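S.K.: Take a look at this one; I'll ask things after.
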């Protein structure tokens with residue numbers, strides 16, 4: 001069972017916290033992490049609705065712009081071509097269906113692998129309480145500076161007004177992202193070099209993943 005230092009928001013060590021082996025010290029399976037990231041990206045593509053009209057979809061006449069020969073210009077069929085103002089877009093985005101399935105056990109194993117990898121590389125920090133008396137992005141940035149962090153993924157519960165103050169304040173700090181324990185995912189954990197979580201968030205994650 002891994003035992004990590006428990007800090008306050010000023011990086012003063014106030015004790016130790018024992019973590020669940022099966023969640024924070026599991027086997028790092030990089031192939032499952034890769035599959036989970038591809039699964040998430042595929043889900044995002046599935047939700048995209050951006051659409052550009054091509055030359056067959058824009059409105060306009062199909063009449064030939066000018067005669068084929070003798071003008072000294074390039075040959076053109078109509079003014080719907082992408083080279084003309086108001087013409088169709090060439091190779092623009094279109095909604096597409098990307099289906100990629102990943103069962104629940106694999107998603108759990110990938111998440112455990114990502115968390116365990118951060119813990120093994122000493123890039124996981126546990127703070128007793130992530131709370132503020134009032135909303136202040138400056139105080140959140142000061143907390144990260146105490147740990148020598150410029151960017152981080154913050155994971156905290158929202159079970160009190162003080163915790164909510166911290167959570168809302170973190171949204172105004174650049175290069176920082178806040179997630180609740182139930183919203184953690186492989187992509188965001190890998191995106192940030194360091195993960196900072198409250199003690200309650202660590203307990204919530206352990207309970208969720210050890211019984212999943």
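The values are calculated or read from the model by the stated rules, or taken from the named source; none is laboratory data. Being a predicted model, the structure only gives us computed values, none of them experimental. All Cβ positions, glycine included, derive from the backbone under ideal geometry; neighbour counts span all protein chains shown.
S.K.: Kindly establish whether residue 54 is at pLDDT 90 or above, in a loop (DSSP other than H, G, I, E, B) and within 30 Å of residue 78 (Cβ to Cβ). First the steps, then the outcome.
M.R.: Numbers: at pLDDT 90 or above: yes; in a loop (DSSP other than H, G, I, E, B): yes; within 30 Å of residue 78 (Cβ to Cβ): yes.
Yes; evaluated as a whole, the condition is true for this residue.
S.K.: Would the stretch 52-63 turn up any residue that is within 30 Å of residue 183 (Cβ to Cβ) and exposed (fewer than 12 other Cβ atoms within 10 Å of the Cβ)?
M.R.: The first filter runs over the stretch 52-63 and keeps only residues within 30 Å of residue 183 (Cβ to Cβ), leaving none.
Scanning the stretch 52-63, I find no residue that is within 30 Å of residue 183 (Cβ to Cβ) and exposed (fewer than 12 other Cβ atoms within 10 Å of the Cβ), so the answer is no.
S.K.: Here's something else I'd like to know. Tally the residues that are loosely packed, with under 11 Cβ neighbours inside 10 Å and either in contact with a helix residue (DSSP H, G or I) (Cβ under 7 Å, 6 or more places away or on another chain) or part of a loop (DSSP other than H, G, I, E, B) (or both), restricting the search to the stretch 28-38. Break it down stepwise before answering.
M.R.: So the first thing to find is which residues in the stretch 28-38 are loosely packed, with under 11 Cβ neighbours inside 10 Å, and the list is 31.
With either in contact with a helix residue (DSSP H, G or I) (Cβ under 7 Å, 6 or more places away or on another chain) or part of a loop (DSSP other than H, G, I, E, B) (or both) added as a condition, the list becomes none.
Selection size over the stretch 28-38: 0.
S.K.: Among the numbered criteria (1) in contact with a strand residue (DSSP E or B) (Cβ under 9 Å, 6 or more places away or on another chain); (2) surrounded by 18 or more Cβ atoms within 10 Å (Cβ to Cβ), which one does residue 123 miss?
M.R.: (2)
S.K.: Inside the stretch 84-199, counting only helices (runs of 4 or more DSSP H) that do not spill past its ends, which hold 3 or more residues that are touching a residue at least 12 places away in the same chain (Cβ under 8 Å) and more than 19 Å from residue 7 (Cα to Cα)? If you could, list the steps in order and put the result at the bottom.
M.R.: Details: elements: 104-120, 137-146, 161-170, 186-191.
Result: 104-120, 161-170, 186-191.
S.K.: Something else about it: Quick check on my filter: what residues within the stretch 92-120 are out of contact with any strand residue (DSSP E or B) (no Cβ under 6 Å at 6 or more places or on another chain) and crowded, with 18+ Cβ neighbours inside 10 Å? Please lay out each step first, then the result.
M.R.: Quick first cut of the stretch 92-120, residues out of contact with any strand residue (DSSP E or B) (no Cβ under 6 Å at 6 or more places or on another chain) only: 92-117, 119-120.
107, 108, 109, 110, 111, 112, 113, 114, 115, 116, 117, 119 - these are the residues of the stretch 92-120 that are out of contact with any strand residue (DSSP E or B) (no Cβ under 6 Å at 6 or more places or on another chain) and crowded, with 18+ Cβ neighbours inside 10 Å.
S.K.: Now a separate question. Are any of the residues in the stretch 1-17 surrounded by 14 or more Cβ atoms within 10 Å (Cβ to Cβ) and within 19 Å of residue 105 (Cβ to Cβ)?
M.R.: Taking every residue of the stretch 1-17 in turn, none turns out to be surrounded by 14 or more Cβ atoms within 10 Å (Cβ to Cβ) and within 19 Å of residue 105 (Cβ to Cβ).
S.K.: Could you tell me whether any residue of the stretch 3-23 is part of a helix (DSSP H, G or I), in contact (Cβ under 8 Å) with a residue 24 or more places away in the chain, more than 30 Å from residue 140 (Cα to Cα) and under 26 Å from the mean Cα position of the chain (by Cα)?
M.R.: Looking through the stretch 3-23, at least one residue is part of a helix (DSSP H, G or I), in contact (Cβ under 8 Å) with a residue 24 or more places away in the chain, more than 30 Å from residue 140 (Cα to Cα) and under 26 Å from the mean Cα position of the chain (by Cα).
S.K.: Can you tell me which residue is farthest from residue 208 (Cα to Cα) among those in the stretch 154-172 that are buried (at least 21 other Cβ atoms within 10 Å of the Cβ) and within 17 Å of the chain's Cα centre (by Cα)?
M.R.: 170
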